[in-house]
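Structure record follows, encoded as structure tokens.
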Amino acid sequence: MEFLPDYKWMQVNGRYRPLFRLFCSDRWKFVRKNGVPVECDTAREAVEAAKECVKAILNPKIRSEGMEISPAIPEFLDAEAWSRERAEKQAQQQEETFETVFVKHRPVKVQKLRRRAR
């Protein structure tokens, strides 16, 4: 299977339909817009339309989305209180998961005492 984009046109009712294929072993495909084959006035326009279609297939539009680095603080919350709550939740999750709490990027061992039931 050899990659070789090829273009041609086919005359239909006095107009020209662009055709293309990407590989030598592929069948010829019509250039379509909204599921309907495109028709052009001249053979040159048909070949150009086929080239544009192949270019769109090989070079699709790249889309991206930006992500927030830190979570946004809702306006109705106090920023300091929200930060304290968030730090407490994070410390609790770390304690449950690692049995340690990280203070200033240093692990601090949490001791759990078992008490007898009264």
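Read the figures in this text as sums done on the coordinates, not as results from a lab. No experiment lies behind these values; they were computed from the predicted model shown. Glycine gets a Cβ as well: all are built from the backbone with ideal geometry, and neighbour counts include every protein chain shown.
What is the packing order of peptides 83-92, 22-31, taking the mean over residues of other C-beta atoms within 10 Å and listing the highest first? Before the final figure, lay out the partial values.
Values: 83-92: 11.5, 22-31: 13.1.
Top to bottom by mean Cβ count within 10 Å: 22-31, 83-92.
Pull out a ≥ b ≥ c, the square roots of the eigenvalues of the alpha-carbon gyration tensor of region 1-64, then state rounded if a/c is under 1.5, prolate if not and a/b is larger than b/c, and oblate in the remaining case.
Numbers: a/c = 2.13, a/b = 1.32, b/c = 1.62.
Judged from the Cα gyration tensor, region 1-64 comes out oblate (a/c at least 1.5, b/c at or above a/b).
So, by mean Cβ neighbours within 10 angstrom, what's the order for 54-67, 1-14 with the highest one leading?
On the way: 54-67: 7.9, 1-14: 11.6.
In decreasing order of mean packing, 54-67, 1-14 become 1-14, 54-67.
Run the reach check for Lys55 against aspartates and glutamates, Cα to Cα strictly under 16 Å, same-chain hits fewer than 8 apart removed. What comes back?
Leaving aside aspartates and glutamates fewer than 8 places away in the same chain, those within reach of Lys55 are Asp6, Glu45.
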